[in-house]
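The values are calculated or read from the model by the stated rules, or taken from the named source; none is laboratory data. All values reported here derive from a predicted model rather than from experimental measurement. Glycine gets a Cβ as well: all are built from the backbone with ideal geometry, and neighbour counts include every protein chain shown. Only protein heavy atoms, including side chains, enter the accessible area calculation; ligands, DNA and RNA are left aside. Shrake-Rupley method; radii C 1.70, N 1.55, O 1.52, S 1.80 Å.
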Amino acid sequence: RYEMAFGNERMIGAGDWHSVGRSFDGGLLQYKNDALSVNGFMNTLKENNKANNDSTDEYLQGFYATYKVNESLTADLYYFGENRFLNPHWLQTIGTYVKGSSDAVSYEVQIAKQFGASTDKQDFAGLYFAGQVGYKLDDFQFNLGAEFISGNKLVKDSTGFTTKIDGDIKQFQTN
């Protein structure tokens, strides 16, 4: 049983702010040299959420690769596939994260696309974008950032009541 943390930890990270404890049972293979790090994994996501009576574990597999272009620029590429058997669905996420800096300017951009379907014909689709630029002036750093998550489509039943939220980008935070 172990935790995973990649990149800026927006998609897979320690997430110690979260009230539901999660860890992974499975395996991680890693290749690493001075410029490249590639991680492949197959896991069961274990949740400790007894308060909500949640006993539906999920299976998460994929890879996360980081390429160090130079001392001030890194580029990541990742793919995650998640499936659940009790309420069957297959959800896939593909994305990239770029982080760089120069003398006084720093920046980062993350883009992810999520898609999939469940056996009850529910489609999942979402887009994630986050960006930040910073400027360092003496002992102060100023940052400006933005985040966009699509997919919050409300699904209504035959009586007109909202029954669920479909397609929201899922992050695999662990702690």
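When the stretch 74-108 is filtered for residues that are open to solvent by 30 Å² or more (accessible area, probe 1.4 Å), touching a Ser or Thr at 6+ places or on another chain (Cβ under 8 Å) and either closer than 20 Å to Leu144 by Cβ or not in a strand (DSSP E or B) (or both), the ones remaining, listed by number, are Leu86, Asn87, Pro88, Val98, Lys99, Ser101, Ser102, Tyr107.
Report yes if Gly81 is of a type outside the set (A, V, I, L, M), under 19 Å from Met4 (Cβ atoms) and modelled with pLDDT of 90 or more, otherwise no. If you could, list the steps in order and put the result at the bottom.
Numbers: of a type outside the set (A, V, I, L, M): yes; under 19 Å from Met4 (Cβ atoms): yes; modelled with pLDDT of 90 or more: yes.
Taking the combined requirement at face value, the residue satisfies it.
The number of residues in the stretch 126-175 that are modelled with pLDDT of 50 or more, of a type in the set (S, T, N, Q) and open to solvent by 80 Å² or more (accessible area, probe 1.4 Å) comes to 4. Scanning the stretch 44-55 turns up no residue that is assigned to a loop (DSSP other than H, G, I, E, B), modelled with pLDDT under 85 and within 22 Å of Ile94 (Cα to Cα). Within the stretch 5-41, being surrounded by 15 or more Cβ atoms within 10 Å (Cβ to Cβ), at pLDDT 85 or above and on the phi < 0 side of the Ramachandran plot holds for Phe6, Ser37, Val38, Asn39, Gly40, Phe41.
Does the stretch 120-131 include one or more residues that are polar (S, T, N, Q) and in a strand (DSSP E or B)? Quick ask: steps written out before the conclusion?
So the first thing to find is which residues in the stretch 120-131 are polar (S, T, N, Q), and the list is 122.
Narrowing the set further to residues that are in a strand (DSSP E or B) leaves none.
For the stretch 120-131, residues polar (S, T, N, Q) and in a strand (DSSP E or B): absent.
Restricting attention to the stretch 109-125, report how many residues are surrounded by 11 or more Cβ atoms within 10 Å (Cβ to Cβ) and farther than 22 Å from Leu73 by Cα.
Counting residues in the stretch 109-125 that are surrounded by 11 or more Cβ atoms within 10 Å (Cβ to Cβ) and farther than 22 Å from Leu73 by Cα gives 10.
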